[in-house]
Structures are given as C-alpha cells and as structure tokens.
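Engineer: Supplied in structure tokens, the structure appears directly below.
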Amino acid sequence: MTLKSKHKSEYSALVNAIHRCHNNEHAAFHNYGERGIHVCEDWRGKEGFEKFLAHIGAKPSADLTLDRIDNDRGYEPGNVRWATRAEQVANRRHPQGNYPSGADHHAVKRCAARNAVIQDEWTAGATVPALARQYDLTVTQIYRVVRPLRTKH
C-alpha cells in the first residue's frame with residue numbers, strides 16, 4: 001500500500017490546495033492564487049506529499065480539514081494545521097478588513113466560532129429552543145444561525 005493510498009484524505013487536502021492556488025481555472029482561484037497564496041514548492045514537487053505529511057502529520061480525526069493559520073500566507077511549513085469547522089470559521093478573512101459596524105475583529109471571530117458550534121449541535125439533533133437557552137439567545141437568533149442548514153435537512 002502506498003503512502004498516498006493509506007492517507008487518501010490528507011493527499012486530497014493537499015491536491016485541492018494546489019488546485020485552488022495554482023489552477024487559474026479553479027472556481028476559488030481568485031481567493032487563493034490571485035491573492036498570491038501558493039503551496040510551497042517542496043510540497044508540489046517530487047515526493048511533495050511525503051514532505052507535506054512529514055510536516056503536518058496524519059489527520060488526528062476525520063472531521064478535520066487543512067487550514068492556514070495566517071490567511072495572508074500560503075500553504076507552507078509553520079502555517080498549516082488540521083482544524084475543526086469552528087476553528088476554520090473563526091479564522092476566515094474579511095475583505096479589506098471590513099467587519100460589521102461597531103464590531104471588533106476578535107468579537108467577530110468569537111461569534112463566527114460560536115455560530116459554527118451551534119450549527120454543528122443543531123445538525124446533531126439539538127432543538128432550536130434548547131440551543132436558545134444554552135447560548136442565551138432568542139429562538140429567532142438561533143433560526144438565523146441555522147437557516148443556511150435548514151434546506152439540507
């Protein structure tokens with residue numbers, strides 16, 4: 001069994017990052033390659049996957065995804081990790097640093113992370129009223145958080 005077949009998910013994560021960053025036909029290229037975000041040369045060349053895997057390691061859990069710690073830097077040693085959905089949401093960039101009126105950067109990140117957790121709990125079966133009580137929010141606020149997911153149920 002090859003390393004790539006043993007670690008299919010990790011290999012797919014790297015290949016997808018390479019496509020986002022280096023294929024100008026990719027739908028997300030404007031958010032990556034066009035912004036100067038690249039996958040380091042060592043991870044794209046011969047034995048690149050082996051070097052990538054040696055650096056980041058295998059996914060500790062199947063629900064984790066590849067994340068850049070600093071969104072203004074590329075996929076490179078020291079700037080990648082396996083992250084949860086909530087961590088990824090909290091690590092999103094906002095165009096030109098624009099945040100909702102009156103909100104500071106850290107408050108926006110905390111709300112995004114909390115909303116991702118609420119969505120995960122709702123998907124796992126928690127009820128809207130129970131989530132409203134747990135997070136000290138109104139039922140309407142919870143519905144606004146889970147609305148994007150409601151069409152999937």
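Engineer: Taking the beta-carbon count within 10 Å as an exposure proxy, list Asp70, Asp42 from fewest neighbours to most.
Structural biologist: With the fewest neighbours first, Asp70, Asp42 line up as Asp70, Asp42.
Engineer: Determine ³J(HN,Hα), in whole Hz, for all residues of region 8-21 in sequence, where each value follows from phi through the Karplus function 6.51 cos²θ - 1.76 cosθ + 1.60 and θ = phi - 60°; x replaces Gly and Pro.
Structural biologist: For region 8-21, the Karplus curve yields 4, 5, 5, 5, 4, 4, 5, 4, 4, 5, 4, 5, 4, 8 Hz.
Engineer: May I pose another question? With a Förster radius of 41 Å, plug the Cβ-Cβ distance of Ala27 and Thr127 into 1/(1 + (r/R0)^6) and report the FRET value to the nearest 0.05. Can you show the working numbers first?
Structural biologist: Details: r = 36 Å, r/R0 = 0.87.
Rounded to the nearest 0.05, the efficiency is 0.70.
Engineer: Please express the shape of region 3-83 as an equivalent ellipsoid: the semi-axes are the square roots of 5 times the eigenvalues of the C-alpha gyration tensor, given largest first in whole angstrom.
Structural biologist: 19, 14, 12
Engineer: If we count other beta carbons within 10 Å of each Cβ, what is the order of Glu41, Glu87, fewest first?
Structural biologist: Glu41, Glu87
Engineer: So, one more: Given points 7 Å out from each Cα along the Cα-Cβ axis, report the Val15 to Ser61 separation in nanometres with one decimal.
Structural biologist: Distance between label points: 2.6 nm.
Quick note: the coordinates plus some simple rules give every number you see, no bench work behind them. The structure displayed is predicted, hence computed values, not measured ones. All Cβ positions, glycine included, derive from the backbone under ideal geometry; neighbour counts span all protein chains shown.
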